[in-house]
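S.K.: This structure is in structure tokens; I'll ask about it shortly.
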Amino acid sequence: MEDKINHENTNEITCPYCGYKIGDSWEYNSEEEGEINCSGCSRKFNFSVNITVDYSTSKINCEELEQKEGHEYKTERYYKYTKDYKNGEWITLPEDDYKYYRIEICTKCDNVNYIDITKEEFDNTPISLKQ
Ligand SMILES: [Zn+2]
Ligand SMILES: [Zn+2]
């Protein structure tokens, strides 16, 4: 006889003999796998539980945190700004007009901050952090 009852990978435990669906299948966990009595045709059948898990993630939004913990900034690098964009072209600034920044990124939400720093602070930072 052709098996017309859909009883594999179903949302509910479904009797392979009569197609009866157990309405509270979620009550059966994998520890109870094995034989079960059909409430429809009273026959015994085997059941097993297939669990699929998927995951979702999202970045933490510091501003929306209830605790108002705020950002947790970590210095990413230091940057020397030697050019300025004026009237449609890049012009190199005289050295006295260089601007120095410390760029920090929040480890929780990726928010970026540009902090003005002095030439002295820039000069005293490790070269590996400079761009
Ligand atoms: Zn049945
Ligand atoms: Zn943040």
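The values are calculated or read from the model by the stated rules, or taken from the named source; none is laboratory data. Just so it is clear, the structure is predicted and the values come from calculations on it, not from any experiment. Methodologically, a virtual Cβ is constructed for each residue, glycine included, from the backbone with ideal geometry; neighbour enumeration extends over all protein chains shown.
S.K.: When the residues of the range 69-106 are narrowed to those that are under 22 Å from Ser128 (Cα atoms) and polar (S, T, N, Q), which ends up farthest from ligand 2 (Cβ to nearest atom)?
M.R.: Ranking the qualifying residues of the range 69-106, first place goes to Thr82.
S.K.: Could I ask something else about it? So the check is Cβ under 6 Å with 6+ separation or different chains; which pairs have a first residue in the range 4-23 that's in contact (Cβ under 8 Å) with a residue 12 or more places away in the chain and a second one that's among the basic types (Lys, Arg) and in a loop (DSSP other than H, G, I, E, B)?
M.R.: Tyr17/Arg43
S.K.: Then there's this: Being within 16 Å of ligand 1 (Cβ to nearest atom) and over 30 Å from Ile127 (Cα atoms) is the requirement here; does Asn50 meet it?
M.R.: no
S.K.: Same structure, new question: Any idea how many residues of the range 62-105 are part of a strand (DSSP E or B) and either under 23 Å from Asn124 (Cβ atoms) or at pLDDT 90 or above (or both)?
M.R.: So the count comes out to 21.
S.K.: Looking at this structure, is Asn111 in contact with a His (Cβ under 9 Å, 6 or more places away or on another chain) and among the polar types (S, T, N, Q)?
M.R.: yes
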